[in-house]
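The values are calculated or read from the model by the stated rules, or taken from the named source; none is laboratory data. Just so it is clear, the structure is predicted and the values come from calculations on it, not from any experiment. Note: ideal-geometry Cβ built from the backbone for every residue, glycine included; neighbour counts use all protein chains shown. With ligands, DNA and RNA removed, areas are computed over all heavy atoms of the protein, side chains included. Shrake-Rupley method; radii C 1.70, N 1.55, O 1.52, S 1.80 Å.
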Amino acid sequence: MNSLDAALLPELDTLRQQGLARALLRVDSPQGPHITIDGQSLLSFASNDYLGLAQHPALIAAAIDAATRFGTGAGASRLLGGSLPPHDELETALASFKRTEAALTFGSGYATALGTLGALLGPHDIVLLDKRAHACLVDAARLCGATLRVFKHNRLDSLDRLLQWADTRRQRPHGAPRSPRVLVVTESVFSMDGDVAPLRDLVALKERHDAWLLLDEAHATGLYGPRRAGLADALQLADRVDIHMGTLGKALGAAGGFICGSRALVAMLVHRARSFIFSTAPAPPAAAAAAAGIRLLQSPEGQSRCARLWDNIGQVRHRLTALGWPLPDSPGAIVPLVVGAEDDATALAASLRQHGVFVPAVRYPAVARGAARLRLTVSAAHKPEDLARLEAALAQVPPPPRPPASHA
Ligand SMILES: *Cc1c(COP(=O)(O)O)cnc(C)c1O
């Protein structure tokens, strides 16, 4: 055995003993409500393609057309090779969708976070992050070198204390080129709990302290608002969010990530966001599919798909509550079935799979240790009979854990 493997194998063993072993499943069908694994057809609640757009003929046609006209790959970073029409058209569509001056796309949402925080913040600055923010925001906050403080999940009192502390450090340090910047980073809909940030009060709070806000709408874009543009738009707060972030890979049915905001913000990212500068431009078919997804979202069909999604969410919540599963107060497409122990979560996922239903188990480090769960995502593409089948399968597997005794 070589020394690399000799070092890695015991570590993999430890992960297995902790109930944290992982293996990639091979899916032999398109990702959708019905997938095929090992020859077994499964009803899937694993995809973030909330509106079923990744299989939509309009997006597929846009991707094929772009591949025919511009090829399968962009070949270089846009700073070297320039932008193609699908990139420009996508960014124009994004800016108008989010009602901002400008937009910039990246290879992924993950790369968007790393590039953006790194472009705007440095060692003299401060980033205030929600405790349950996505790993890409955590990594971005660490990598940019700013002082990182974490506030309690969705707790404005906790954020307020940190903003007050940050206010005491706003003086320009001796010899520093500028005074410290303070950036609040959070999500509008959280990726593992499906709950919603108290956005209206959060925006007012960051304004009182003259801090900036980056809002990641990865799980809200496509689901909220009259044009499905996200929660900030739904609450008419879009112009008070400094930096809108999102992914093109979930409800938009394509791939990539984006920032929407002012022209100055986008210009600065083009100069400084390393994951934009040193990375090949998004593939033309992916960019064209995303632009088609944005058009579709805002169309009557987008509206009816979104309405169907919310109807499905209501039905799933109703059925799960009847089976005794405690659900978050704020309804959303992400429904966490919190089990607790890592092994219990994988065992529950395995028994559901035996009943033909695929709901992925989520464990540390995606969630805290001991907070393992099944992460069930509802799609507009689920049919009423799919939801009935989910309920029937859940009725045949171990019931939800008893809630801990209340101290009320
Ligand atoms: C999925 C996700 C991302 C990353 O987006 P990708 O395009 O998949 O890299 C960022 N933030 C949140 C909250 C997410 O759930």
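What is the extension gain from Arg369 to Thr72, computed as 0.36 nm multiplied by their sequence separation minus the C-alpha to C-alpha distance, in nm to one decimal? Present the calculation step by step, with values, prior to reporting the outcome.
Numbers: separation 297, 0.36 × 297 = 106.92 nm, distance 4.13 nm.
Residue separation times 0.36 nm, minus the Cα-Cα distance, leaves 102.8 nm.
If we count every other residue with Cβ under 13 angstrom of Ser275's Cβ, Lys/Arg +1 and Asp/Glu -1, where does the sum land?
Values: positive: Arg78, Arg272, Arg274; negative: Asp139.
Summing Lys/Arg as +1 and Asp/Glu as -1 gives +2.
Ordered from longest to shortest, the equivalent ellipsoid semi-axes for the chain are 33, 28, 23 Å, each the square root of 5 times a Cα gyration tensor eigenvalue. Per residue, the chain exposes an accessible area of 46 Å² to a 1.4 Å probe, with every protein chain left in place.
Across all directions, the average flat footprint of the convex hull enclosing the Cα atoms of the range 238-293 is 4.3 nm². Remark: the range 319-334, residue by residue, has Karplus-estimated 3J(HN,Hα) of 5, 5, 4, 4, 7, x, 7, x, 10, x, 5, 7, x, x, 6, 8 Hz, where x stands for each Gly or Pro and the curve is 6.51 cos²θ - 1.76 cosθ + 1.60 at θ = phi - 60°.
Specify whether the C-alpha gyration tensor of the range 1-148 places it in the rounded, prolate or oblate class, a ≥ b ≥ c being the square roots of the eigenvalues: rounded for a/c under 1.5, otherwise prolate if a/b is larger than b/c and oblate if not.
Numbers: a/c = 1.79, a/b = 1.10, b/c = 1.62.
Oblate, because a/c is 1.5 or more while a/b does not exceed b/c.
Among the trypsin sites (Lys or Arg not before Pro) in the range 1-81, which ones are in a DSSP loop with at most 14 other Cβ atoms within 10 Å of the Cβ? Mind listing them? Show your work: numbers first, answer last.
Values: sites: Arg16, Arg22, Arg26, Arg69, Arg78; in loops: Arg22, Arg26.
When the trypsin sites (Lys or Arg not before Pro) of the range 1-81 are filtered for loop state and at most 14 Cβ neighbours within 10 Å, Arg22, Arg26 remain.
The distance between label points at Asp38 and Thr92 comes to 5.0 nm (points 7 Å beyond Cα on the Cα→Cβ vector).
Amide H to amide H distances under 5 Å link Val184 with Leu128, Trp212, Leu213, Leu214, where only residues 5 or more positions off or on other chains count and H is placed in the peptide plane. Heavy-atom accessible surface of Glu391, to the nearest 10 Å², is about 60 Å², with a 1.4 Å probe and all protein chains retained. From helices alone, the chain scores -12500 deg cm²/dmol at 222 nm; the rule is -39500 (n - 2.57) for each run of n ≥ 4 DSSP H residues, then divide by the residue total. Lysine pairs in the chain whose alpha-carbon atoms fall under 21 angstrom of each other, counting only those eight or more residues apart or on distinct chains, come to 6.
Ordering Ala371, Ala119, Gly75 by Cα displacement along the dipole of the chain toward the positive end leaves Ala119 in first place; charges were set at the Cβ atoms of Lys, Arg (+1) and Asp, Glu (-1). A cut-off of 5 Å between modelled amide H atoms, ignoring neighbours fewer than 5 places along the same chain, links Val357 with Leu43.
Put a plus charge on the Cβ of each Lys and Arg, a minus charge on the Cβ of each Asp and Glu, and nothing anywhere else: the dipole of the range 61-119 about its Cα centre is then about 100 debye. Placing unit charges on each Cβ (+1 for Lys and Arg, -1 for Asp and Glu) gives the range 178-299 a dipole about its Cα centre, and among Ala273, Ala211, Gly230 the Cα reaching farthest toward its positive end belongs to Ala273.
Here the label points at Asp157 and Gln396, each 7 Å from Cα along the C-beta direction, are separated by 4.7 nm in the simple model.
Pop the C-beta distance of Gln164 and Arg142 into the FRET formula with R0 = 25 Å and round what comes out to the nearest 0.05.
Details: r = 23 Å, r/R0 = 0.93.
In this case the efficiency is close to 0.60.
By definition, a body whose alpha carbon gyration tensor gives a ≥ b ≥ c is oblate when a/c is 1.5 or more and a/b is not larger than b/c, and the range 178-313 fits this oblate description.
Charges only on Cβ, +1 for Lys and Arg, -1 for Asp and Glu: so what's the dipole of the chain about the Cα centre, in debye to the nearest 20?
Working: 42 positive and 37 negative charges, 139 e Å.
My answer is approximately 660 debye.
With the charge dipole of the chain set up from +1 on Lys and Arg Cβ and -1 on Asp and Glu Cβ about the Cα centre, the Cα lying farthest toward the positive end among the listed residues Gly314, Phe258, Val185 is that of Val185. A simple rule links phi to the HN-Hα coupling: the Karplus curve 6.51 cos²θ - 1.76 cosθ + 1.60 with θ = phi - 60°, which for the range 286-300 gives 5, 5, 5, 5, 5, 5, 5, x, 5, 4, 5, 4, 8, 8, x Hz, with x for Gly and Pro. Shown for the range 83-201 is the translational diffusion coefficient from the Stokes-Einstein equation, using the Kirkwood radius over Cα pairs, a temperature of 20 °C and a viscosity of 1.002 mPa s: 135 µm²/s.
What the phi angles of the range 54-60 give under the Karplus curve with 6.51, -1.76 and 1.60, with θ = phi - 60°, is a coupling list of 5, 10, 6, x, 5, 6, 5 Hz, glycine and proline written as x.
Summarise the accessible area of the chain (1.4 Å probe, protein heavy atoms) by the percent that is carbon and sulfur. Please list the in-between numbers first.
Details: 10260 of 18860 Å².
On the chain, the fraction of accessible area on carbon and sulfur atoms equals 54 percent.
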